[in-house]
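> Below you'll find the structure I mean.
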Amino acid sequence: MHVPKIVKIKRIIEESPTVKTFIFDWEVKNEIPGQFMMVWNLHDEKPMSISMIDPLKNEIGISIKNIGEFTGQVHELTPGDKLGLRGPYGRGFHIAGSKVLAVGGGIGMAPIVAFSEEASRIGVDVHVVSAASTMNELLFDDRIQRSRSKLLTCTDDGSHGLCGFGTDLAEKAMSEDDYDMIVSCGPEIMMKKLFEMVEKFKIPAQFSLERYMKCGMGLCGQCCVDDLGWRVCVEGPVFWTDELKMITEFGKYKRDSSGVKHSIS
Amino acid sequence: MTILEIKLCGIKMRNPTMLAAGILGSTASSLNWAARSGAGAVVTKSFGLSPNKGYANPTTVEVTGGVINAIGLSNPGVDNFKDELLKLNKSVPAIASLYGANPEEFSEIATRVEGLVDALELNVSCPHAIGGCGSAIGQDPLLTAEIVGSVKKSVKIPVFVKLTPNVTDIVEIALHARDAGADALTMINSLGPGMRIDIETGKPILKNKFGGLSGPAIKPVAIRCVYDVFDSVDIPIIGVGGIRDHEDVLEFLYAGASCVQIGTSIMYEGMDIFGKILNGLERFMDEKGYGSVDELVGIAHK
């Protein structure tokens with residue numbers, strides 16, 4: 001049933017000055033990296049990527065960047081406080097290939113770290129490009145290293161790793177190594193550029209899209225993308241490149257809560 | 001001509017199903033998708049004069065037999081919506097669902113989109129609207145008549161009126177809409193409103209606290225409304241409320257609906273629901289020897 005389940009925050013990890021991970025006891029069944037939960041703080045409800053799936057301890061985690069009213073309210077919560085969760089929703093990343101490059105930008109690292117842990121666990125050689133504005137905002141380094149994935153970092157200001165964008169580092173990795181597949185989540189402008197690169201390198205790839213969501217259950221139409229009308233909450237949020245070619249708005253515009261278009265720049 | 005083809009107020013439809021207002025339908029892309037999936041016509045999500053963000057989340061929650069929602073008529077406003085209407089692929093008839101607070105608003109929006117769609121559906125029945133819109137109108141027979149009359153004077157295309165079941169006597173409202181010039185009646189809008197309360201926190205789940213109930217649970221009420229109105233009103237009825245398979249469609253047709261709309265069950269079945277229903281309907285008609293959908297309309301009254 002599409003009804004929030006009230007759960008207590010088990011623990012909170014401060015990942016960076018702006019990002020916290022909230023861990024919950026959760027009976028893990030078919031949760032897949034790339035899927036999301038609708039998170040209700042008893043005032044508002046927003047879609048958030050699952051950033052940690054632990055089927056052994058039966059825990060899941062949601063990482064939230066403090067960027068506005070809702071995320072600010074959630075950041076003030078402490079262990080023991082309650083949140084409503086419903087999900088998991090949408091289509092997550094498909095794990096395929098023996099060597100995979102995972103590219104995450106900013107809070108887009110949330111599903112990427114869950115993917116790299118899960119893929120590494122089943123024996124895939126995962127290289128992770130982790131991109132952030134500055135060193136303090138690089139996310140999940142310890143978890144990526146513990147999962148035995150190879151970590152490549154870059155920052156906009158050069159304070160850690162390569163000085164440049166995630167796409168610069170991804171291009172370097174793709175030139176030096178042969179990857180069977182690429183997965184990515186991050187700012188759409190980054191993913192659009194990466195999309196063009198993987199097409200050039202002819203590597204199959206999956207991208208996780210973000211659109212304004214209301215119901216999360218495929219009814220309200222708020223997250224439908226042009227021109228095929230697919231619902232990001234059901235048919236997405238993860239799309240293969242061949243599907244993205246049919247999503248003509250990708251990298252160009254997105255709609256707000258009333259449905260008015262805004263260009264992506 | 002296939003046996004599923006119908007004519008509604010002079011509009012030819014390849015089959016008697018439509019995408020209902022409010023389910024997807026806020027972009028040309030999703031309307032075209034419904035058409036590609038088999039819908040005989042598509043109805044837009046309701047739009048008004050200006051962009052409206054609607055209510056904050058949670059706007060929807062599932063209940064036994066359906067969903068309660070208080071989306072709050074979110075829409076980008078008529079000017080932005082016209083851009084979407086221009087991108088419709090025109091493979092099936094398109095119906096614009098409009099809302100407003102008074103006759104002038106309805107008529108203005110109607111005039112601005114008349115050239116882009118095949119018909120209008122007036123939403124005077126949303127149970128969670130604010131500012132005098134929605135069921136605040138549809139529960140008042142005189143106000144309903146005033147709005148229908150005003151829109152009819154402003155446009156030449158057919159005007160459907162979507163009725164709320166949340167009234168003492170839906171026949172009275174239906175008669176007023178008909179007398180004011182409505183070309184067809186769509187019934188029913190969501191029921192209630194209803195509520196769902198979280199038992200851990202004691203909080204109503206919807207931000208708006210209450211919302212309209214839709215889905216299979218409301219079908220018996222919708223069937224009864226269609227049945228009652230069919231007896232007293234001589235304009236076509238578009239049946240809507242809880243349809244999930246072709247047997248549900250048959251019930252609506254027997255009760256007196258000329259065609260039907262499908263909405264909430266897309267949550268259960270996805271867009272494939274149109275194809276499944278059409279296959280089932282055609283198979284049934286074939287087995288029973290029916291030659292046209294018209295033969296099924298009103299059977300329960302014979």
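Readers should treat all values here as calculations from the given coordinates under stated rules, not as data from a laboratory. Please read these numbers as outputs of a predicted model, since none were measured by experiment. Glycine also receives a Cβ, built like all others from the backbone with ideal geometry; neighbour counts cover every protein chain displayed.
> Rounded to two decimals, what is the ratio between the C-alpha radius of gyration of the range B:59-202 and 2.2 N^0.38 Å?
1.11
> Quick query: amide H of B:ARG196 versus all other amide H atoms, modeled in the peptide plane; which residues come in under 5 Å with a sequence gap of 5 or more or a different chain?
Close amide H contacts, sequence-distant or interchain: B:ILE205, B:LEU206.
> Under 5 Å between amide hydrogens, which residues at least 5 positions from B:THR60 or on another chain qualify, with H placed 1.01 Å from N in the peptide plane?
Counting only residues 5 or more places away or on other chains, the set is B:ALA70.
> Short version: ³J(HN,Hα) in whole Hz for each residue of the range B:165-179, in order, from phi by Karplus 6.51 cos²θ - 1.76 cosθ + 1.60 (θ = phi - 60°), x for Gly and Pro, what are they?
Result, ordered by residue: x, 8, 9, 6, 9, 5, 5, 4, 5, 4, 5, 5, 5, 4, 4 Hz.
> For a test of the definition: using alpha carbon positions, the gyration tensor, and the 1.5 limit on a/c, classify the range A:93-207 as rounded, prolate or oblate.
Taking the square roots of the gyration eigenvalues as a ≥ b ≥ c, the range A:93-207 is oblate.
> Here's something else I'd like to know. May I ask you to derive the FRET efficiency for A:HIS43 and A:SER133 from their Cβ-Cβ distance with R0 = 35 Å, giving the value to the nearest 0.05?
0.75
> State, to one decimal in nm², a quarter of the convex hull surface area for the C-alpha atoms of the range A:139-265, i.e. the direction-averaged projected area.
If I average the Cα hull's projected area over directions, I get 9.0 nm².
> With a ≥ b ≥ c the root eigenvalues of the C-alpha gyration tensor of chain B, is it rounded (a/c under 1.5), prolate (a/b larger than b/c) or oblate?
Rounded, because the longest to shortest axis ratio a/c is under 1.5.
> Moving on to the next point. Considering the zone a paramagnetic label at A:SER98 would reach in this model (a point 7 Å from Cα along the Cα-to-Cβ line), which residues of the range A:107-131 have amide N under 11 Å from it?
Residues A:124-125 fall inside that zone.
> Any idea how far the Cα center of the range A:167-203 sits from the one of the range A:56-135, in Å?
Comparing the Cα centres of the range A:167-203 and the range A:56-135, I get a distance of 19 Å.
> Shifting gears a bit: Assuming R0 = 25 Å, what is the FRET efficiency of B:LYS90 and B:SER232, from their Cβ-Cβ distance, to the nearest 0.05?
Here the calculated transfer efficiency is 0.10.
> Along the charge dipole of the range B:6-301, which of B:SER91, B:PRO158, B:GLY40 sits closest to the positive end, that is, farthest toward it, with unit charges on the beta carbon of Lys, Arg, Asp and Glu (+1, +1, -1, -1)?
In the range B:6-301, that residue is B:SER91.
> Which percent of Cα pairs goes in each bin when the distances of the protein assembly as shown are cut into 20 angstrom slices starting at zero?
P(r) over the protein assembly as shown, rounded to whole percents: 21, 49, 26, 4, 0.
> Could you let me know the centre-to-centre spacing of the range B:99-151 and the range B:203-234, using Cα atoms, in angstrom?
19 Å
> Could you please rank B:CYS9, B:CYS225, placing first whichever residue has the fewest other Cβ atoms within 10 Å of its Cβ?
Ordered by Cβ neighbours within 10 Å, fewest first: B:CYS9, B:CYS225.
> Can you give the net charge of the other residues whose Cβ lies under 13 Å from the Cβ of A:PRO4, counting K and R as +1 and D and E as -1?
+2
> Across peptide B:21-32, what mean number of C-beta atoms from other chains lies inside 10 Å of a residue's C-beta?
Rounded to a whole number, the mean comes out at 6.
> Tabulate in residue order the Karplus-calculated ³J(HN,Hα) for the range A:219-227, using 6.51 cos²θ - 1.76 cosθ + 1.60 with θ = phi - 60°, rounded to whole Hz; enter x for Gly and Pro.
Couplings: 10, 6, x, 4, 9, 5, 10, 7, 9 Hz.
> Sequence neighbours fewer than 8 away in the same chain don't count; with that in mind, list the aspartates and glutamates whose C-alpha is under 19 Å from B:LYS152.
The qualifying aspartates and glutamates are B:GLU104, B:GLU105, B:GLU108, B:GLU114, B:ASP118, B:GLU121, B:ASP140, B:ASP179, B:ASP183, B:ASP234.
> Ignore the peptide's own chain and count Cβ atoms of other chains within 10 Å of each Cβ in B:204-210; give me the average, rounded.
The per-residue average across the peptide is 2.
> Give the order of A:ILE23, A:ILE182 when sorted by the count of other beta carbons within 10 angstrom, beginning with the fewest.
Ordered by Cβ neighbours within 10 Å, fewest first: A:ILE23, A:ILE182.
> Right, here's the next one. How large is the charge dipole for the range A:34-178, taken about the Cα centre, if only the Cβ atoms of Lys, Arg (+1) and Asp, Glu (-1) carry charge, to the nearest 20 debye?
It comes to approximately 500 debye.
> Another one. For the range A:5-89, state the average projected area of the convex hull of the C-alpha atoms over all orientations, rounded to one decimal in nm².
One quarter of the hull surface, i.e. the mean projection, equals 5.0 nm².
> Hey, another quick one. If amide hydrogens are placed 1.01 Å from N in the peptide plane, which non-local residues have theirs closer than 5 Å to the one on A:VAL128?
The answer is A:ALA102, A:LYS150, A:LEU151, A:LEU152.
> Now for a separate question. Principal axis lengths of chain A from Cα atoms, whole Å, largest first?
48, 41, 35
> Here's something else I'd like to know. Could you calculate the FRET efficiency of A:ARG121 with A:ARG11 from 1/(1 + (r/R0)^6), where r is the beta carbon distance between them and R0 is 30 Å, rounded to 0.05?
E(calc), rounded to 0.05, equals 0.90.
> Choose one of A:CYS163, A:TYR89, A:MET48: the residue whose Cα lies farthest towards the positive end of the charge dipole of chain A (beta-carbon charges +1 Lys, Arg; -1 Asp, Glu; about the Cα centre).
Farthest towards the positive end: A:TYR89.
> Now for a separate question. Over 20 Å between C-alpha atoms is what I'm after, so list which of A:LYS261/B:LYS209; A:LYS193/A:LYS245; B:LYS7/B:LYS90; A:LYS172/A:LYS254; A:LYS200/A:LYS254 land there.
Pairs exceeding the cut-off: A:LYS261/B:LYS209; A:LYS172/A:LYS254; A:LYS200/A:LYS254.
> OK, next. Hey, got the dipole for the protein assembly as shown? About the Cα centre, +1 on K and R Cβ, -1 on D and E Cβ, debye to the nearest 20?
In debye, rounded to 20, the protein assembly as shown gives about 160.
> A further question follows. Mind running the shape call on the range A:209-265? Use the C-alpha gyration tensor, a ≥ b ≥ c as the square roots of the eigenvalues: rounded below 1.5 for a/c, prolate if a/b tops b/c, oblate otherwise.
oblate
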